[in-house]
Every structure is written in C-alpha cells, then in structure tokens.
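Okay, structure first, notes after.
The values are calculated or read from the model by the stated rules, or taken from the named source; none is laboratory data. On a predicted model such as this, the values are computed, not experimentally measured, just so you know. Cβ: placed from backbone, ideal geometry, glycine included. Neighbour counts: every protein chain shown.
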Amino acid sequence: MRGLHLTPDLLEGAYEYLRLSPPFRDWRLPEGDHVVFRVLGARDRYGHFRGWHRRGNGTDRFSEIAISARKVKSSQMLIATMAHEMIHLYQDENGSARGHHNPEFHRLAARVCAVHGFDPEEF
Ligand SMILES: [Zn+2]
C-alpha cells in the first residue's frame, strides 16, 4: 500500500490534534463530531472550508472541511492544510470573515506558522 489514503477519520484525527495545540486550543472550536470531514479528488485546491448558518436560534450551523487527496500527499501537508482551513472555521464561527484571506486571516496564519513550523510562503 502506498500513500496516506486519506479518510474522513484521518482528517478528524488531524483536526483534533490541532484543536489540542496552540493557538487553536484557545479558540473554542467545535468538537470534531460537529464538523463534516470530506476527502476530495480536486486538482485545483488543497482543501476548502464551508459553513452554513440558519438565522434565528443561532445554534443551527454546519461546517465542512474538505481536503484533496490528490494534492495532499504527506502528513505535514495534511496538518498544514487542516490548520489553514481551521483558521477559516474560526473566522466563520466569529463572523469575521468567510473564505477570505483578510488581514486578520494573515495575522492568525503567521501565529499558526510560527507555533507549528509551517512555511508561511506555502501556507
Ligand atoms: Zn484559505
């Protein structure tokens, strides 16, 4: 057998690992059970985040993190890609951005890269 063979369970494991580590552990992100993890075959991106909210009671939300098995070929890349999407999740949860790399995203990304040793140029 070759390669990582990404599965939703592996993605959730990566998510939970990061959720225990700084700076994510201070962000009060939802437990993995409340996030949908998908493996994609996309060639045009490493991953994506999608969040849905139904206005009204404030509790009805749905978040999806997807990672491309075609693009993400190493554990390092998996963790880095997951971390990237988790910044989007955090910003979505806080209503500060959706799917955009705004100044706050770059500020948070710089902190994540410094803690985890990711290359800011590739993050
Ligand atoms: Zn992004």
Across (1) at pLDDT 95 or above; (2) in a helix (DSSP H, G or I); (3) within 12 Å of the ligand (Cβ to nearest atom), GLN91 clears everything bar (1)
With criteria (1) within 30 Å of ARG2 (Cα to Cα); (2) in contact (Cβ under 8 Å) with a residue 40 or more places away in the chain; (3) within 16 Å of the ligand (Cβ to nearest atom); (4) outside any loop (DSSP other than H, G, I, E, B), CYS113 comes up short on (2)
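Residue-wise test of (1) surrounded by 14 or more Cβ atoms within 10 Å (Cβ to Cβ); (2) in contact (Cβ under 8 Å) with a residue 60 or more places away in the chain; (3) of a type in the set (Ser, Thr, Tyr).
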| site | (1), (2), (3) |
| --- | --- |
| GLU12 | yes, no, no |
| TYR15 | yes, yes, yes |
| ARG43 | no, no, no |
| GLY47 | yes, no, no |
| HIS53 | yes, no, no |
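Is the range 79-94 home to any residue that is surrounded by 13 or more Cβ atoms within 10 Å (Cβ to Cβ), over 29 Å from GLY3 (Cα atoms) and not acidic (Asp, Glu)?
At the first step, the residues of the range 79-94 found to be surrounded by 13 or more Cβ atoms within 10 Å (Cβ to Cβ) are 79-93.
Among the residues that remain, those that are also over 29 Å from GLY3 (Cα atoms) are: 90-93.
Filter once more, so that each one left must be not acidic (Asp, Glu): 90-91.
Checking the range 79-94: at least one residue is surrounded by 13 or more Cβ atoms within 10 Å (Cβ to Cβ), over 29 Å from GLY3 (Cα atoms) and not acidic (Asp, Glu).
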Taking the range 23-41 and keeping only residues that are surrounded by 15 or more Cβ atoms within 10 Å (Cβ to Cβ) and in contact (Cβ under 8 Å) with a residue 60 or more places away in the chain, one is left with PRO23, PHE24, TRP27, LEU29
When restricted to SER96, SER75, the only residue in contact (Cβ under 8 Å) with a residue 40 or more places away in the chain and out of contact with any His (no Cβ under 9 Å at 6 or more places or on another chain) is SER75
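Report yes if ILE67 is assigned to a strand (DSSP E or B), modelled with pLDDT of 95 or more, within 15 Å of the chain's Cα centre (by Cα) and within 16 Å of the ligand (Cβ to nearest atom), otherwise no.
Considered against the rule, which asks whether it is assigned to a strand (DSSP E or B), modelled with pLDDT of 95 or more, within 15 Å of the chain's Cα centre (by Cα) and within 16 Å of the ligand (Cβ to nearest atom), ILE67 comes out as yes.
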Scanning the range 71-88 residue by residue, the ones that are away from the ligand (no atom under 14 Å from the Cβ), closer than 19 Å to ARG38 by Cβ and assigned to a helix (DSSP H, G or I) total 4
The residue that is nearest to the chain's Cα centre (by Cα), considering only those in the range 95-105 that are assigned to a helix (DSSP H, G or I) and surrounded by 13 or more Cβ atoms within 10 Å (Cβ to Cβ), is PHE105
